[in-house]
Every structure is written in structure tokens, then in C-alpha cells.
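Notes to accompany the following structure.
The values are calculated or read from the model by the stated rules, or taken from the named source; none is laboratory data. Treat the numbers as computed from the prediction; the structure is a model and nothing was measured. No Cβ is skipped: glycine too gets one built from the backbone with ideal geometry, and neighbour counts run over all protein chains shown.
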Ligand code: HEM
């Protein structure tokens with residue numbers, strides 16, 4: 001009990017919470033990217049993958065709640081640490097210190113990074129909400145698809161099974177306007193293609209994913225620092241590795257909307 005109190009009530013404990021939940025969210029971002037890249041393998045591959053996830057039923061809800069809890073704790077510890085940093089900075093200003101003192105300058109740089117982290121983090125949270133409304137709740141008003149397509153943003157397919165070994169044989173899309181939620185498997189491939197045929201939506205995703213990757217690049221380095229795994233010898237390598245991973249994630253994610261808009265994926 002005291003250990004849990006210690007973790008939540010001390011700034012060191014909150015740094016650990018931020019690092020560990022950040023690592024969990026990072027794991028989700030990698031897994032989600034690998035799953036989404038199946039769009040390049042065609043409709044059957046992506047739809048079968050999505051169906052397997054949906055078929056997890058209660059387990060999927062456990063994963064969703066785990067993800068939500070991690071995001072909540074990550075944001076909570078970030079806001080708490082930012083407030084503490086501000087209060088500590090206020091107190092330091094009361095004592096006269098030489099403004100060109102090197103430590104103070106480093107401190108200003110660190111606080112600037114932390115400040116941009118809180119802003120990029122909150123914008124990413126807003127993007128995640130928009131993204132859920134787009135592809136999970138399928139809110140017609142925000143998908144950018146005009147009148148005639150309304151209601152058909154989500155389409156369905158017939159899921160056929162090979163009689164011999166119960167393996168999926170192939171998937172057949174249903175005509176627009178046919179099929180029903182719960183009765184037919186959702187055609188996630190068609191939904192992604194419909195969704196990214198709208199240029200401003202693609203623009204919005206590219207900017208948001210760019211911000212996510214700037215956040216990740218700094219966040220990954222900070223995570224190693226908080227967990228005490230960064231030292232003088234390989235600190236620079238960790239920073240470079242974090243940047244390289246963030247760039248790869250950026251390219252991986254944006255390749256999907258860009259490929260759809262360019263007509264490579266249809
Ligand atoms: C181009 C990039 C992306 C594509 C194509 C994409 C695609 C999708 C699709 C199709 C779904 C709905 C899945 C389904 O109903 O089966 C989904 C859900 C989701 N995506 Fe993404 N996504 C992208 C980027 C992101 C990013 C960057 C994040 C994280 C910030 C993210 C977080 C989520 C979450 C949390 C869900 C809800 C999962 C659930 O159903 O519980 N996505 N995404």
C-alpha cells in the first residue's frame with residue numbers, strides 16, 4: 001500500500017508511471033502500425049486481421065480498457081509533473097541567480113522541451129479522439145464524405161470459410177448499402193480507402209502523425225532517462241536511435257493515407 005502511495009505521490013514515482021505507460025502506448029503504436037500495413041497486402045489480409053481482433057470479444061475490451069488506463073495515467077502524470085516544474089521554477093526565480101549561469105540555461109532548454117511535450121501530447125490526445133470518431137464510431141459528419149456516400153462509409157463483406165480445415169477461403173464485398181452491423185464482418189479495408197480519399201483528412205492525419213513522431217522521439221529518450229538506462233556513454237546513441245525509430249514510424253503510418261490518396265491502394 002505504502003509502495004503504491006509512494007509511486008503516485010512522489011515526482012520520481014510519477015516519472016516512472018509516465019515512462020512505463022509511455023512504453024505501453026509505444027507498444028500499441030508499433031502493433032497498430034504493423035496491423036495497418038496489411039492494407040498493402042489487399043482487402044482479404046486486412047479484413048481477416050480486423051475480424052480476428054473483433055472476434056476476441058471480451059479480451060478486446062480488456063485491451064481497450066488497458067489502453068485507456070495507460071493513456072489516462074500518462075496524461076495525468078505529465079500534467080502533474082508540468083505543474084510541479086512550474087512551481088519549482090517560480091521558487092527558483094525568488095532567489096537571485098546569474099541569468100547566464102550554464103545550469104540555468106540547461107534548465108530553460110529542458111523546460112522548453114517539456115512544455116512542447118505537453119502541447120504535442122494534448123494535441124495527440126485530441127487526434128486520437130478524432131480518429132476514434134472517424135474509424136471506430138464512424139461519425140458521418142467528420143469523415144468528409146459527401147451526401148451520396150452517407151451511410152456507406154462502413155461497408156460489409158461475406159466471410160467464407162473453407163469446408164475442409166475451417167480456414168478462411170476468401171472475402172466478398174457486399175454492394176454498397178447492404179449488410180448489417182453484427183451480422184456481417186466490417187469491411188475495414190473499404191472504410192480506410194473511403195476515409196483517405198478525402199485530401200483534407202489525409203492532410204490532418206499527416207500533421208497529427210508528424211506531431212506524434214516528434215513527441216515519440218523526445219519521449220523515448222526521456223523514458224530511458226527516467227528508468228535510469230541512459231548514461232554518458234550511450235546517451236547520444238539512445239537519442240539517435242529514438243529519432244530513427246520516430247522517423248520510421250512516421251513513414252510507416254503516413255504511407256497508408258498517402259498511398260490511398262495517390263491511388264496506389266484502391
Ligand atoms: C494512417 C494511420 C492509421 C490508420 C490507417 C489507422 C486505422 C485504424 C482503423 C481502421 C481503426 C478501426 C479498427 C477496426 O474497427 O477494426 C483504428 C482504430 C484505432 N486506432 Fe488507428 N489508424 C492509424 C493511426 C493511428 C494512430 C497514430 C493512433 C495512436 C495515436 C491510432 C490509435 C487507434 C486506436 C486507439 C483505435 C481504437 C482501437 C479499438 O478499436 O479499440 N491509430 N485505426
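Counting the residues of the range 43-59 that are in a helix (DSSP H, G or I) and over 30 Å from residue 264 (Cβ atoms) gives 2. For the criterion of being free of Cβ contacts under 8 Å to residues at least 12 places away in the same chain and touching a helix residue (DSSP H, G or I) at 6+ places or on another chain (Cβ under 8 Å), residue 38 passes.
Quick check on the range 7-25: of everything there that is more than 15 Å from residue 225 (Cβ to Cβ) and assigned to a helix (DSSP H, G or I), which residue is farthest from the chain's Cα centre (by Cα)? Looking at residues that are more than 15 Å from residue 225 (Cβ to Cβ) and assigned to a helix (DSSP H, G or I), I get 9. Has the range 26-42 got at least one residue that is assigned to a helix (DSSP H, G or I), closer than 20 Å to residue 191 by Cα and away from the ligand (no atom under 12 Å from the Cβ)? Yes, there is a match, as at least one residue in the range 26-42 is assigned to a helix (DSSP H, G or I), closer than 20 Å to residue 191 by Cα and away from the ligand (no atom under 12 Å from the Cβ). When 73, 79 are checked against the criterion of being surrounded by 12 or more Cβ atoms within 10 Å (Cβ to Cβ), at pLDDT 90 or above and within 30 Å of residue 201 (Cα to Cα), a single residue qualifies: 73.
Among residues of the range 116-144 that are at positive phi, those with a Cβ under 7 angstrom from a residue that is at pLDDT 90 or above, sequence gap 6+ or separate chain, pair up as 144/198; 144/200; 144/201.
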